[in-house]
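See below for the structure under consideration.
The values are calculated or read from the model by the stated rules, or taken from the named source; none is laboratory data. Because the structure is a prediction, the values reported are computed rather than measured. In this analysis, Cβ positions are derived from the backbone assuming ideal geometry, glycine residues included, and neighbour counts consider all displayed protein chains.
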Amino acid sequence: MTTRPEPPRRAPRRSPVRRLIALGLIGAVAIAASGAALFGWYAGRVQRPFKGYTESERFVTIAPGMGVSAIGRRLLDAGIVSDRITFRLAVRLRGAERSLKAGEYRFSQAQSALDVADRIARGDVYLVSITFPEGLTIAAMADLFAERGLGTREAFRTAARNAALVRSFDPVATDLEGYLFPDTYRLSRQASAADLVKQMVARFEEVFGPAQREQARAAGWSVRQAVTLASLVEKETARADERPIVAAVYVNRVRRNMGMQADPTVIYALERAGRYTGNLTRADLRFDSPYNTYRYAGLPPGPIASPGRASLEAVLAPADVPYLYFVSRNDASHVFATTLAEHNRNVRTFQVEYFRAQRAREREGAAGAPQPR
């Protein structure tokens, strides 16, 4: 019996559905692989520093309510980030989608998208600093404001005439002299003089708040009187150990209805009149102004400068001393006296004789100097 070889079996045909599934799996794997590669590519970009502008610095303002996409577009237009997708990924990696803060930002060097996202999430906005030392007048503050490039002198002076800001505790004020607290302030480039002045008054109210005002009232002072006294202390001495003593001298004089006889009040009066030359003369002491405490007894009408915290505190807690006079030792310190006779002796020692000896030394030095040939 002859047997025939069996024909080779054909592989069963796959159904169209199974074929589509297989193709789908292959496609999914390919897409996942390409997506992973794309993600890896962008993940590298978010860490890569980028600077797409040629200037030394670039400012970008983010308005309140701007979303991630709008912020990314603004950063891209400014050359801060390389593309919006990179920035969006950086924000997502940081989990900062809802914490990006409005404000003006300054960029001056290449930064990665992650660094940019971090800065905006922190609210690291660009602010200009200005420091007002103790003892400045409104006029001097206006000069400093203009020198820092924040605006004009007149803009600051105008803002400082807004006495309504202190009406609640000084109803007779016509300006803010004495109430612009000396401190360091940080503000945006867009801030106005009025914005700064409001901050300064608010800072004064923090330092000289309800507790301090009650303390002043208990001592018999209005807020205006206490700040006026403090401004005299501020202008007379920079020594911490002397402030309570100088405050006591003026308090003692006020209680005796004596003239304060404070040179800084005369200088302030002359400055207001545009007549101060930088040198106080005997004739100046006769200048007719309510601020001239050589001519009018008691306190001047208001503060002559902005006192700092230490001078305000000295007025609220003056030293328990009987002194009525003091004169400079010419080394930033003062010698104090209770009687006029004692004061006159101090004046002779530390003013008359001191400057007489100084002039004599100057003449001797000039006489001994080699003469030009």
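What is the residue count in segment 328-366 for residues that are small (Gly, Ala, Ser) and on the phi > 0 side of the Ramachandran plot?
Result for segment 328-366: 1.
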Looking at segment 173-184, which of its residues are without any contact (Cβ under 8 Å) to a residue 60 or more places away in the chain and not hydroxyl-bearing (Ser, Thr, Tyr)? Asp175, Leu176, Asp183
Of all residues in segment 331-341, how many are surrounded by 12 or more Cβ atoms within 10 Å (Cβ to Cβ) and part of a loop (DSSP other than H, G, I, E, B)? 3
When residues of segment 264-308 are filtered for being surrounded by fewer than 17 Cβ atoms within 10 Å (Cβ to Cβ) and assigned to a helix (DSSP H, G or I), how many remain? 4
Residue match in segment 282-290 (condition: basic (Lys, Arg) and touching a strand residue (DSSP E or B) at 6+ places or on another chain (Cβ under 7 Å)): no
Quick check on segment 40-79: of everything there that is outside any loop (DSSP other than H, G, I, E, B) and of a type in the set (Val, Ile, Thr), which residue is surrounded by the most Cβ atoms within 10 Å (Cβ to Cβ)? Ile71
List the residue pairs whose Cβ atoms are under 8 Å apart, where the first residue sits in segment 91-116 and is in a loop (DSSP other than H, G, I, E, B), the second is of a type in the set (Lys, Arg), and the two are 6 or more positions apart or on different chains. Lys101/Arg122; Ser108/Arg58; Gln109/Lys51; Ala110/Lys51; Ser112/Arg48
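Determine which member of the set Thr228, Thr174 is β-branched (Val, Ile, Thr), over 20 Å from Glu313 (Cα atoms) and at pLDDT 95 or above.
Thr174
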Tabulated pairs, segment 219-236, first outside the structural domain of Tyr250 (by TED's automatic domain parsing) and at positive phi, second surrounded by fewer than 22 Cβ atoms within 10 Å (Cβ to Cβ) and of a type in the set (A, V, I, L, M, F, W, C), C-beta under 8 angstrom, 6+ apart or interchain: none
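Condition test on Phe169, is it within 23 Å of Arg213 (Cβ to Cβ) and either part of a loop (DSSP other than H, G, I, E, B) or not assigned by TED's automatic domain parsing to the domain that holds Gly308 (or both)?
Here the answer is yes, as Phe169 does meet what is asked.
Here is a yes/no grid of residues against (1) touching a residue at least 40 places away in the same chain (Cβ under 8 Å); (2) closer than 26 Å to Arg213 by Cβ; (3) not hydrophobic (A, V, I, L, M, F, W, C):
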residue	(1), (2), (3)
Asp124	no, no, yes
Ser129	yes, no, yes
Ala142	no, no, no
Arg153	no, no, yes
Thr158	no, no, yes
Ala163	no, yes, no
Ala191	yes, no, no
